[in-house]
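The values are calculated or read from the model by the stated rules, or taken from the named source; none is laboratory data. Since we're looking at a predicted model, the values are computed, not measured. When we count neighbours, we look across all protein chains shown, and the Cβ atoms used for this are built from the backbone with ideal geometry, even at glycine. In case anyone asks, the SASA skips ligands and DNA or RNA and just uses the protein heavy atoms, side chains included. Shrake-Rupley method; radii C 1.70, N 1.55, O 1.52, S 1.80 Å.
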Amino acid sequence: MTLAIVLAAGPSAAGLTTATGEPLADRLAAQLRRAGADEVRFAANLDELTDLIATATAPVLITGTDLVAHTAVLRHLATSPVGPTVALVLGDPPVPGRTAVREERGQVVDAGALDALDGDATGVFGGALRVGVDDLPTLAAAARAAASGMLPVAAPIGPVGDVAPLPTTAGVGGVGGSAAAGAPGPAVDRLFAGLAALGTLIFAQRVRLLVAHRVEDTAGLAAAEAAVTAVDEDRAELRLSVKEKDDFFSTYFVSTWSPYLVRLSARLRLTPTGVTVISVLFALAAAVLFGVGGRPALVGGAVLLYLGFVLDCVDGQLARYTRHFSAWGGWLDTMADRAKEYVVYAGLGFGVSHAGLGNGWALAIAAMTLQTVRHMTDTWYGVLHDEAARRPRAATNASGGIGDRLNAASTRVQADTGSLSYWLKRTVVFPIGERWALIALTVALFNPLVSLIAVLVWGVLAFAYTGALRTLRARWMWVPVLDTVDATLHRDDGPLARWLPVLRPMGPLTLAVIAALGPAVLLVGALLDDAPDQLRWAVPVALLVLLVGGLGAGAAHNGPLDWLVPAALRAAEYLFAIAVGVVGGVPGWLIFGYVFVLTVHHYDLTARLEKRQAAPPLHAATLGWEGRSVLVALAAIAGIAGVGLATLGAYLLVVFVVSVVLAWFVRPARSARASVAPAGVGGAAPR
């Protein structure tokens, strides 16, 4: 049950009355109920708020009494999927007593008085926040500190809730901020500053097309109410369903008309998951037409592919418009995106071979492998960037150099929205919209062979470009990432890797790169040899080189480039499987299928990372990258590489499906039954 608390913001706003004669605080309470709060309570001060927090078992919404906004603003705050704790951030000019905010990549990385942010403020606190369940103890500590004029001790220094005496002029900031805990000002501002000071991960919720203002007097209230009335709330919400910063093709060739489909889908009561399923069917139909060949089929497939991508955008837009978010829906959307793209590659590969244009399966395998490794680097670079944003600038080695200049240049380009440099930067990285557009155009105008080659060429160039720039920027930031998560899980290590000795001097990234070199050499040799089966003797050698990657499993992954380790290990395993398939004379479609199953397994891990979900229930049963590779090698040595790939691939697919059912259906159902079971049923006797 969601609890909303209206916290007294100060005498200047507490007594304000709206144009209808209703106290502003009462209107806020009604809006909070319409925004989804099950219970709304009033707190006259921070001590009362602390008592209310102690009884909460679900996320808590907190507002001051000086906020004038569309109800949708509060609903968006209450349902925001970006993280458990979210704060409303406005673009209004700061006033004394209010908390200024500096945000990066959607995270509040500094909060305090405007002068304490050294001119780096990007907005001001909007007087409303949602606090996740896990952050409620920290919120209570921040409330006690703000009420008593004590400085919260940052989480890394001591246990959450530790406080130390300080004069009212001393600082309480976010990552280095300095809003005075005991300074005069709205209680909600002091509460927010204290929460940030304790190191809480807070995401920023922007208003964009809607209206929200904090008011201090009758004139300000009248102006804010007029601004709210001037904006059509539903129309603004429909436009807000479109991503604020999307790729070029999505922005100009999809989002210009997809909101009409969003409104139609909402009226038809379609769910985002339902739209995702329909988009998958469109992509499957396009893949079949690409495989059939012939100009009408290719053109029809291109049209279906485009429409499938439109629906792929609509499912997310519909979720934002209807505020129907779920971890399951987000995970399914991520997995469906990758599965659709690779099924299309399979259709193109079959079409190339069917038309006698060449070895289409080899091209499809190359495209899938390249794209997956790229995605792994994208995911972990995003985690790196988020981690860097949360740390003090001094900790990111910000001492100038090429990395510093690249970072500054990137920031300038991103801020210049709509410029030529902005669109070039977003397009050159070859995002999904541009990939699908390139496939649709080249297959309709030429043939599947041209389409796959175009995808590979642009993909390689984009990988080289992003890899070079990100490497330089990562060395400048020098922020460890894998050490902040379960490195064994995200390396996808199995029992064998954990048993191997640790070779620390070389570092895990160097070992992972060496691991990929052995399979790469074997693959090149097999492709160049007219009788690749004669290289069966080289499979054990390549396997030994591959297992070198396991020597870094137990080492610290705290180097500036160790975020590349998962991608390097993915490349090593895929290359080894492909090389074994080529040496063993396995059909291209079977190699593609096996690598496809591996990519599904690895995307499951990254999707769970992005959605903050736990490890798959049956992860141990997947054997690890090194365990799977040993089994594939043994099958090749025994002369049954095809049987080995087919059997292991089928096994991994079954494990994946069962794991999905357990994680998303069985376990949640059990938890739901347990939560509603009478006391004493199925467990210990009640006390």
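Let's see how each residue does on (1) modelled with pLDDT of 95 or more; (2) of a type outside the set (A, V, I, L, M, F, W, C); (3) in a helix (DSSP H, G or I):
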site: 436; (1), (2), (3): yes, no, yes
site: 455; (1), (2), (3): yes, no, yes
site: 463; (1), (2), (3): yes, no, yes
site: 468; (1), (2), (3): no, no, yes
site: 493; (1), (2), (3): yes, yes, no
site: 498; (1), (2), (3): no, yes, yes
site: 506; (1), (2), (3): no, no, no
site: 516; (1), (2), (3): yes, no, yes
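Quick check on this structure: which one of 193, 183 is part of a helix (DSSP H, G or I) and either modelled with pLDDT under 95 or in contact with a Ser or Thr (Cβ under 6 Å, 6 or more places away or on another chain) (or both)? Full working, then the answer.
Working: 183 fails: part of a helix (DSSP H, G or I).
After ruling out the rest, the residue left standing is 193.
Within region 285-292, identify whether any single residue is surrounded by fewer than 19 Cβ atoms within 10 Å (Cβ to Cβ), of a type outside the set (A, V, I, L, M) and either modelled with pLDDT under 95 or over 32 Å from the mean Cα position of the chain (by Cα) (or both), and answer yes or no. Looking for residues that are surrounded by fewer than 19 Cβ atoms within 10 Å (Cβ to Cβ), of a type outside the set (A, V, I, L, M) and either modelled with pLDDT under 95 or over 32 Å from the mean Cα position of the chain (by Cα) (or both), one finds none in region 285-292, hence no.
Counting residues that are charged (D, E, K, R) and surrounded by fewer than 22 Cβ atoms within 10 Å (Cβ to Cβ), which helices (runs of 4 or more DSSP H) fully inside region 1-111 reach at least 2? Quick ask: steps written out before the conclusion?
Details: elements: 11-14, 24-34, 46-54, 71-79.
Helices (runs of 4 or more DSSP H) meeting the threshold: 24-34, 46-54.
Which one is farthest from residue 474 (Cα to Cα) among residues in region 485-511 that are aliphatic (A, V, I, L, M) and surrounded by fewer than 19 Cβ atoms within 10 Å (Cβ to Cβ)?
If we filter region 485-511 for residues that are aliphatic (A, V, I, L, M), which is where we start, we get 485, 487, 489, 496-497, 500, 502-503, 506, 509, 511.
Pick out the ones that are also surrounded by fewer than 19 Cβ atoms within 10 Å (Cβ to Cβ) and you get 485, 489, 496, 500, 502-503, 506.
Details: 485: 18, 489: 22, 496: 31, 500: 29, 502: 25, 503: 24, 506: 19 Å.
Among them, the one singled out is 496.
Would you be able to say whether some residue in region 608-621 is surrounded by fewer than 17 Cβ atoms within 10 Å (Cβ to Cβ), charged (D, E, K, R) and part of a helix (DSSP H, G or I)? Yes; the residues of region 608-621 include at least one that is surrounded by fewer than 17 Cβ atoms within 10 Å (Cβ to Cβ), charged (D, E, K, R) and part of a helix (DSSP H, G or I). Scanning region 339-348 turns up at least one residue that is under 18 Å from the mean Cα position of the chain (by Cα) and modelled with pLDDT of 95 or more. Filter region 437-447 down to the residues that are open to solvent by 10 Å² or more (accessible area, probe 1.4 Å) and closer than 27 Å to residue 378 by Cα and list them by number. Those that are open to solvent by 10 Å² or more (accessible area, probe 1.4 Å) and closer than 27 Å to residue 378 by Cα: 437, 438, 440, 441, 442. Checking each residue in region 577-616 for being at pLDDT 95 or above and small (Gly, Ala, Ser) picks out 577, 579, 581, 584, 585, 588, 593.
Looking only at residues in region 122-137 that are within 18 Å of residue 101 (Cβ to Cβ) and surrounded by fewer than 22 Cβ atoms within 10 Å (Cβ to Cβ), the one that is modelled with the lowest pLDDT is 122. The residues listed here are 127, 112; of these, the one that is within 28 Å of residue 319 (Cβ to Cβ) and touching a strand residue (DSSP E or B) at 6+ places or on another chain (Cβ under 9 Å) is 127.
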